[in-house]
Every structure is written in C-alpha cells, then in structure tokens.
Amino acid sequence: MNETIQTILNHRSIRSFEDKKLTGEQIEVIVKSAQAASTSSFIQAYTIIGITDREKKEKLAELAGHQRYVAENGHLFVFCSDLHRHKLAAEIEGLETEDILTSIESTEMFMVSCIDAALAAQNAVIAAESMGLGICYIGGIRNNLHEVTKLLKTPDRVIPLFGLCVGYPAKAAAQKQRLPFENIYHQEAYVQDDEALKEQLKQYNHDIAAYYKERTGGKRADRWTEQIASKVSHPTRMYMKQFLQSKGLPLD
C-alpha cells in the first residue's frame with residue numbers, strides 16, 4: 001500500500017484545531033491540488049472562497065449551527081458551484097442571453113457544477129491531509145444561504161455548497177467505520193437483495209453503536225439505521241429549490 005492510499009484510508013474528521021494559521025504556500029498548494037481534479041468537459045464550474053477574517057468566520061460558524069471549529073481553524077475554504085463565469089464566457093463569444101441561460105439554468109449544468117466542486121474539494125482534502133493537516137467538511141452553511149451569500153457577496157449563479165475547515169489537529173480523532181464493502185460495491189449491475197442487506201446493516205449497527213459507546217464513555221450508542229431514520233423523518237433545508245430559483249437557477 002503506497003503513501004497516497006494510506007493517507008486516504010486514514011481520513012477522519014477533525015473538529016479541534018491548534019491556534020495556528022496556514023501559510024500562503026500551504027493554501028496555494030491546496031487550491032492548486034483542487035484545481036487538478038477532473039472536471040466535466042473542462043467546465044471548471046466552481047469557485048473557492050478563503051476566509052481569514054475573524055468576524056466573518058464567527059458569523060459563518062453561527063449560520064452553520066454554532067459549530068465553533070468553523071471559526072477556530074487554520075483556514076476556512078468555502079466551495080461554491082459557479083456558473084457566473086460561464087455566462088460571461090458565452091457573452092465574450094457573442095451568444096445571445098436567451099441561448100446562454102437555456103443551458104446555464106438547466107438542472108444538468110447545476111449538477112455538473114456541484115460534482116465539479118465536490119471533486120475539487122476531495123483533491124484539496126487529500127493534499128491537506130498529506131501535509132499532516134486535518135479537515136472537516138461543513139454542510140451547515142446551507143442552513144441559511146440567503147445570509148451566507150450576502151456575507152460572501154456571491155453573484156447570481158454562484159452557490160456556496162459547503163465549507164472546509166483545515167488546520168493542525170489539536171488532538172487525535174477516532175475513525176468511524178464505513179459501511180461494509182459489499183454494501184457499496186456491486187459488480188456489473190445493482191444487486192437488490194433487501195433481506196441480505198438488512199442483515200448486513202444490523203451488523204453495521206452493532207459496530208457503529210460500539211464506536212459511539214467507546215468514544216463517549218457510554219453516553220451514546222447510536223445505531224446507523226437509527227440516525228438515518230431520524231434524518232429522513234425530519235426534512236431539512238426545504239427552502240433550497242426556491243432559493244436556487246431566486247439566484248438565477250430556475251432549473252428545468
């Protein structure tokens with residue numbers, strides 16, 4: 001097993017960082033690594049916003065659900081889907097606005113921009129972790145995108161998707177066991193055997209409950225299916241479709 005694979009397999013979320021900022025060189029390497037990720041049809045439909053201003057980080061921490069590590073880290077990156085520059089590119093080539101928007105406002109193009117941003121972010125994570133840094137993704141910035149977009153001054157068709165806290169880990173973090181390999185990987189086609197899958201998930205529940213019990217000294221023993229049932233029974237961020245439409249992405 002080579003060093004790169006070991007770095008990937010050692011991944012864990014870090015939520016406590018030393019009070020030490022990333023250098024300009026580290027930030028540049030992380031961003032350039034993100035840019036080296038694959039991108040659909042060379043569209044490169046994302047933007048990364050770096051946040052160092054303490055007041056902005058505090059506000060983003062509040063908007064993300066009062067997560068302290070959003071404010072207390074070595075550097076905060078915000079990954080955005082970005083179709084604004086593509087409108088400008090089409091204008092340079094003399095396309096009419098109506099023709100431009102038919103494509104840019106499509107669901108397919110928005111999906112591409114989200115996928116591009118996710119691929120770039122994971123490259124950034126691997127680069128950061130290879131340098132001995134820790135990371136934590138922050139989906140909570142989508143709790144209130146109206147306020148986040150105001151704070152970050154993003155134009156129409158630029159949507160903040162998630163934050164990425166990066167820094168020097170203040171303490172070691174345990175690694176959560178992922179779903180079994182056979183749950184994730186199917187050969188040739190999707191193999192639907194619900195009874196077998198349920199049995200596998202019950203075993204996984206046991207493993208995850210044991211993880212939480214050990215990590216919290218017995219205060220938690222959540223099952224994975226229990227977490228998922230709670231998640232799907234309490235829909236969140238149901239304003240999203242309306243928000244995207246308000247930002248120039250009516251989607252087809």
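Computed from the coordinates by the stated procedures, all read-outs in this text should not be read as laboratory data. In this text the structure is predicted, and so the values were computed from the model without any measurement. Don't worry about glycine lacking a Cβ; one is built from the backbone with ideal geometry, like all the others, and counts go over all protein chains shown.
Observations
- Cα-Cα over 24 Å, subset of LYS32/LYS171; LYS57/LYS153; LYS32/LYS231: LYS32/LYS171; LYS32/LYS231
- The helix-only estimate of mean residue ellipticity at 222 nm for the chain, built from DSSP H runs of length n ≥ 4 each weighted as -39500 (n - 2.57), is -14500 deg cm²/dmol after division by the residue total.
- Calculated FRET efficiency, SER13 to ASP99, Cβ-Cβ distance, R0 = 51 Å: about 0.75 to the nearest 0.05.
- Across LYS20/LYS219; LYS198/LYS219; LYS59/LYS219; LYS20/LYS241, pairs whose alpha-carbon gap is larger than 28 Å: LYS20/LYS219; LYS59/LYS219; LYS20/LYS241
- All alpha carbon pair distances within the stretch 115-252 were sorted into 5 Å bins beginning at 0; the resulting P(r) in whole percents reads 2, 7, 11, 13, 15, 17, 17, 11, 6, 1.
- Converting phi to 3J(HN,Hα) with the Karplus coefficients 6.51, -1.76 and 1.60 and the offset θ = phi - 60°, the stretch 53-62 yields 4, 4, 5, 5, 5, 4, 5, 5, 4, 5 Hz in sequence order, with x at every glycine or proline.
- Per-residue ³J(HN,Hα) for the stretch 234-245, Karplus 6.51 cos²θ - 1.76 cosθ + 1.60, θ = phi - 60°, Hz, x for Gly and Pro: 10, x, 10, 6, 6, 7, 4, 4, 5, 5, 4, 4
- Computed log10 I(q)/I(0) for the stretch 181-221 at 0.14, 0.28, 0.32 Å⁻¹: -0.44, -0.89, -1.01, from the Debye equation with unit scatterers placed on every C-alpha and solvent omitted.
- Summing Cβ point charges (Lys, Arg +1; Asp, Glu -1) relative to the Cα centre of the chain gives a dipole of roughly 1320 debye.
- Contour excess over end-to-end distance, with Cα ends at GLN242 and GLU188 and 0.36 nm allotted per residue: 15.6 nm
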